[in-house]
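Here's the structure we're looking at; comments come further down.
The values are calculated or read from the model by the stated rules, or taken from the named source; none is laboratory data. Keep in mind it's a predicted model, so treat the numbers as computed, not measured. Neighbour counts run over all protein chains shown; Cβ positions are idealised from the backbone, glycine included. Ligands, DNA and RNA are stripped out before the accessible areas are found, and what is left, the full protein with its side chains, is counted by its heavy atoms. Shrake-Rupley method; radii C 1.70, N 1.55, O 1.52, S 1.80 Å.
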Amino acid sequence: MRHVLPVLTVVAVIVAIWYAAAIWLNAQWALDTAARQDRTLGAAELVLDTWSQEKPKLPAPHQVVTELWQTTVEKNVTSKRSLVYHAWVTLSATLLGFGMGTALGFALAVGIVYIRVMDMSVMPWVIASQTIPILAIAPMIIVVLNAMGLSGLLPKAMISMYLSFFPVVVGMVKGLRSPSRMMRDQMRTWNATRGQEFLRLRLPMSMPYLFASLKIAMAASLVGAIVGELPTGAVAGLGARLLAGSYYGQTIQIWSALFMAAAVAAAAVGLIGIVQRATLKRMGMS
């Protein structure tokens with residue numbers, strides 16, 4: 001309970017603030033509706049109305065939970081109205097983009113650490129690439145790939161890769177350079193080659209940095225997949241649910257999709273954490 005109670009307290013405070021904000025933001029609609037019907041709302045009636053509107057400015061927590069239950073548990077996972085189905089569509093692009101971003105980031109980090117020309121030339125461009133807003137570059141990527149005949153999963157994965165490779169590059173460069181000069185000198189006294197130094201010293205020492213970067217990259221990759229679904233007019237995926245909700249003013253649908261995206265990201269990052277603990281424990285670094 002020492003660990004659970006603080007978390008429950010914070011959650012309770014957030015929920016209370018959320019309910020209060022729902023009253024504040026939705027009250028004007030309830031009052032205007034009552035005025036048009038020539039009736040007066042009491043305090044209790046006003047509160048209940050603000051927590052049960054069909055298209056509120058801010059849905060109450062129980063409305064979001066109900067929508068999540070109805071679109072996950074009560075719907076078949078293959079149904080187009082199931083959030084599980086839409087989450088899988090987004091997750092498939094996320095995983096592909098995450099894999100490509102990790103591979104690209106790892107390759108660039110190795111080159112930057114071992115090739116001075118890349119360190120001086122590539123690293124500044126890697127940093128500069130992240131100053132371009134993803135909402136601006138996403139449509140450009142999609143248009144170019146569509147012109148090349150590439151559509152569907154790959155354009156979204158490319159946007160995910162664009163966001164996810166950067167933390168891997170930065171983390172791995174830091175990790176591969178983490179061995180001290182004394183450690184590197186010790187490897188040289190053993191007549192170790194560059195490859196042996198990389199496999200026996202630099203790579204193991206970089207594992208904590210790598211896993212920390214992978215957690216950030218996974219979250220960024222999910223954001224990229226969702227953003228990639230917006231300009232394509234996709235009919236499936238969490239981005240499509242957000243877009244459809246915004247078109248028709250279905251704020252409850254928007255919030256449920258946001259919570260589903262957060263749950264997917266938390267599960268993916270948690271899985272990386274499990275792999276991290278198992279790997280570092282086996283390496284004697286936990």
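Taking into account only those residues within segment 84-102 that are crowded, with 16+ Cβ neighbours inside 10 Å and of a type in the set (Ser, Thr, Tyr), which is farthest from Ile159 (Cα to Cα)?
Out of the qualifying residues, it is Tyr85.
Check Thr40, Thr50, Thr94, Thr78 and return the single one that is of a type outside the set (A, V, I, L, M) and in contact (Cβ under 8 Å) with a residue 40 or more places away in the chain. Please lay out each step first, then the result.
Working: Thr40 fails: in contact (Cβ under 8 Å) with a residue 40 or more places away in the chain; Thr50 fails: in contact (Cβ under 8 Å) with a residue 40 or more places away in the chain; Thr78 fails: in contact (Cβ under 8 Å) with a residue 40 or more places away in the chain.
Step by step, each of Thr40, Thr50, Thr94, Thr78 is checked, and only Thr94 is of a type outside the set (A, V, I, L, M) and in contact (Cβ under 8 Å) with a residue 40 or more places away in the chain.
Considering each residue of segment 264-284, count those that are in contact (Cβ under 8 Å) with a residue 60 or more places away in the chain and either out of contact with any helix residue (DSSP H, G or I) (no Cβ under 8 Å at 6 or more places or on another chain) or among the β-branched types (Val, Ile, Thr) (or both), and give that number.
Here the count works out to 4.
Looking at segment 255-268 only, could you name the residues that are open to solvent by 40 Å² or more (accessible area, probe 1.4 Å) and either at pLDDT below 90 or in contact with a Lys or Arg (Cβ under 8 Å, 6 or more places away or on another chain) (or both)?
Of everything in segment 255-268, nothing turns out to be open to solvent by 40 Å² or more (accessible area, probe 1.4 Å) and either at pLDDT below 90 or in contact with a Lys or Arg (Cβ under 8 Å, 6 or more places away or on another chain) (or both).
Looking only at residues in segment 210-254 that are not in a helix (DSSP H, G or I) and not small (Gly, Ala, Ser), which one is surrounded by the fewest Cβ atoms within 10 Å (Cβ to Cβ)?
To start, the set of residues in segment 210-254 that are not in a helix (DSSP H, G or I) comprises 230-237, 248-250.
Pick out the ones that are also not small (Gly, Ala, Ser) and you get 230-232, 235, 248, 250.
Working: Leu230: 18, Pro231: 18, Thr232: 19, Val235: 13, Tyr248: 11, Gln250: 19.
Per the criteria, the residue is Tyr248.
Give just the number: which of (1) hydrophobic (A, V, I, L, M, F, W, C); (2) over 19 Å from Ser129 (Cβ atoms); (3) touching a residue at least 24 places away in the same chain (Cβ under 8 Å) does Val227 not satisfy?
Unmet for Val227, out of (1) hydrophobic (A, V, I, L, M, F, W, C); (2) over 19 Å from Ser129 (Cβ atoms); (3) touching a residue at least 24 places away in the same chain (Cβ under 8 Å): (2).
Out of curiosity, is Arg81 under 30 Å from the mean Cα position of the chain (by Cα) and surrounded by 12 or more Cβ atoms within 10 Å (Cβ to Cβ)?
Values: under 30 Å from the mean Cα position of the chain (by Cα): yes; surrounded by 12 or more Cβ atoms within 10 Å (Cβ to Cβ): yes.
Answer is yes for this residue.
I'd like to verify a number: residues in segment 172-202 that are aliphatic (A, V, I, L, M), free of Cβ contacts under 8 Å to residues at least 60 places away in the same chain and part of a helix (DSSP H, G or I), how many?
Looking only at segment 172-202, we keep the residues that are aliphatic (A, V, I, L, M), and these are 172-173, 176, 182-183, 187, 192, 199, 201.
Filter once more, keeping what is free of Cβ contacts under 8 Å to residues at least 60 places away in the same chain: 182-183, 187, 192, 199, 201.
Next cut, part of a helix (DSSP H, G or I) only: 182-183, 187, 199, 201.
Selection size over segment 172-202: 5.
Given the condition farther than 18 Å from Phe259 by Cα, open to solvent by less than 70 Å² (accessible area, probe 1.4 Å), touching a residue at least 24 places away in the same chain (Cβ under 8 Å) and of a type in the set (S, T, N, Q), answer yes or no: does some residue in segment 61-75 qualify? Spell out the reasoning first.
Of segment 61-75, the ones farther than 18 Å from Phe259 by Cα are none.
Looking for residues that are farther than 18 Å from Phe259 by Cα, open to solvent by less than 70 Å² (accessible area, probe 1.4 Å), touching a residue at least 24 places away in the same chain (Cβ under 8 Å) and of a type in the set (S, T, N, Q), one finds none in segment 61-75, hence no.
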